[in-house]
Amino acid sequence: MINRNPAFANLTAGYLFPEIGKRRREYATAHPDKKVISLGIGNTTEPLTPHIAGAMSDYIKALQTPDGYSGYGDEQGLTALREKIASVLYPNLIESDEVFISDGAKCDIGRIQTLFGSGVSVAVQDPAYPVYVDGSVMVGAAGGAKKNGSGYEGVVYMPCTAENDFFPDLSVVPDNSLIYFCSPNNPTGASSTKEQLTKLVAFAQKHDCIIIYDAAYFAFIQDKNLPRSIFEIEGAKECAIEINSFSKPIGFTGVRLGWSIVPKTLKFADGTLVNKDWNRVMTTVFNGASNIAQRGGLAALDEQGLAEMKSLIDYYLENERLIKKALESDNFKKLHIEIYGDGNSPYLWVKFPGKKSWEVFDEILNQCQVVTTPGAGFGPAGESFIRFSSFGHREDIQEACERLKNFNL
Ligand code: PL4
């Protein structure tokens, strides 16, 4: 028999989001008469918009003709889409051959770990999107990280709390580490300022670290002073990779389309270009994003597409305002909850002092039939927090808000 990859024995039993789905299904099965509303998994709910859907549908029609048919494309993506991402989203910052089109940010976060091998040290914001840590554990990074309480021994956790304005103390990060950083942040909803990201980049440069910057929620940033990309920060092209996605901006969570930016100025210790190795990874173990989805991505970045993107983002941000208002009602005041979320992300991060996250999750589900996400699932510093997602149909959000107004602990 072949031995099991020892890295897998180090993982916790299950990944956070399927566990939430399982609890939701169990509750629904036990209470078939009750309608469960999800403010849990960050999954888009609103239909594709006409211009973007139209571009894909036209392309599908063309695929049915001898002239319009196309098979495999370049693994790195359509040249036109790479150029459009560079010029529309990173004007004068990035060149098109630094853009790699993919099937989504999560997949890129997984694949990118193959670039650094098992020896690399890993630092993450705490709390963080679980894929950074679980993916690192799978490839045996961080010294073959082993489960230790609610975290992993070997992974450097950088607490991001209200006390430090959700920006971590970087001094705990060893030299030559991979630093996973997400802004706007999942789950805290905090967006890092230009000053904070300047500190991050300066630290990475001084300590020979590489930042894996997850900007999957960039489109939610409303404050014009907040950076939407790490490459707005001087020096970032020497120390950062950006992972990004069409999932949340245009509802492509199911369609699947994302991109990574690997600057040609980013090098490994031996001088090899990271861009060269990433090109090798993407052309070897990835076969290109769907050519239909890429037509949607192209349409999303023209004038009409960008306007449609804005209308979707505005819709979810209005949901967020409604949820926040419900959480400000008297019953929650009595619980002394603390609400974080400044209208630049789809998430509200809410502290229930003295309570365990999973306990609050179960109570909200049982009392209100509303699914949330327990903060402890995002790392040790997430304990006592609940994440509320604003993805949902307006009428469901309104109903969830009404039910939450009767919640008590
Ligand atoms: C549930 C910071 C959601 N099954 O759709 P992608 O792959 O382009 O982007 C995934 C992604 C990347 N980066 C960050 C994210 O928050 C997400 C999506 N996260 C959430 O509720 O936290 C969906 C989770 C999905 C998953 O595992 O990603």
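The figures follow:
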item	result
Sorted largest first, extent of the range 199-268 alpha carbons per principal axis (Å)	39, 28, 15
Carbon/sulfur fraction of accessible area - the chain, other protein chains in place, 1.4 Å, %	52 percent
Geometric extent, Cα atoms of the range 1-96 - Rg, Dmax (angstrom)	22.3, 56
Straight-distance crosslink candidates among aspartates and glutamates, where the alpha carbon sits under 16 Å from residue 106 and sequence neighbours closer than 8 are dropped	134, 214, 242
DSSP-defined beta bridges in the chain - what % are antiparallel, rounded to 5	55 percent
Shape box of the range 40-186 [Cα atoms, principal axes, largest first, Å]	57, 33, 33
Highest-first arrangement of 261-274, 290-303, where packing means the average Cβ count within 10 Å	290-303, 261-274
Sites residue 273 and residue 303 - FRET efficiency at Förster radius 45 Å, r taken between beta-carbons, to 0.05	0.85
Heavy-atom accessible area per residue - the chain, 1.4 Å, Å²	43 Å²
Under-5 Å amide H pairs with residue 392, H placed in peptide plane, nonlocal only	45
Cα-only Debye scattering, the range 160-237: base-10 log of I(q)/I(0) at q = 0.13 Å⁻¹	-0.36
For the range 319-326, Karplus couplings with θ = phi - 60° (6.51, -1.76, 1.60), whole Hz, Gly/Pro x	4, 4, 4, 5, 5, 4, 4, 5
13 Å reach of a label modelled at residue 31, 7 Å along Cα-to-Cβ, counting backbone N of the range 353-383	361-372
Rel. contact order, % - alpha carbon contacts under 8 angstrom, at least six apart, the chain	22 percent
Cross-link partners of residue 194 among lysines (Cα-Cα below 17 Å; sequence separation of 8 or more within a chain)	224, 237
Volume in Å³ per residue [convex hull over Cα atoms, computed for the range 274-380]	197 Å³
Neighbour net charge for residue 170 - beta-carbon separation under 15 angstrom, K R +1, D E -1	-4
Equivalent-ellipsoid semi-axes of the range 195-323, from the Cα gyration tensor, Å, largest first	29, 22, 11
Lys pairs, the range 291-367 - Cα-Cα below 24 angstrom, 8 or more residues apart or on other chains	18
For the range 256-302, projected area of the alpha-carbon convex hull averaged over all directions, nm²	4.2 nm²
Alpha-carbon centroid distance for the pair the range 38-60 / the range 348-409, whole angstrom	26 Å
For the chain, the Rg and Dmax computed from alpha carbons only, in angstrom	21.2, 67
Globularity index of the range 101-148, i.e. its alpha-carbon radius of gyration over 2.2 N^0.38 Å	1.12
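The values are calculated or read from the model by the stated rules, or taken from the named source; none is laboratory data. Since the structure is predicted, the reported quantities are computational estimates derived from the model, not experimental observations. Cβ: placed from backbone, ideal geometry, glycine included. Neighbour counts: every protein chain shown. Quick note on the areas: whole protein, heavy atoms, side chains included, nothing else; ligands and nucleic acids left out. Shrake-Rupley method; radii C 1.70, N 1.55, O 1.52, S 1.80 Å.
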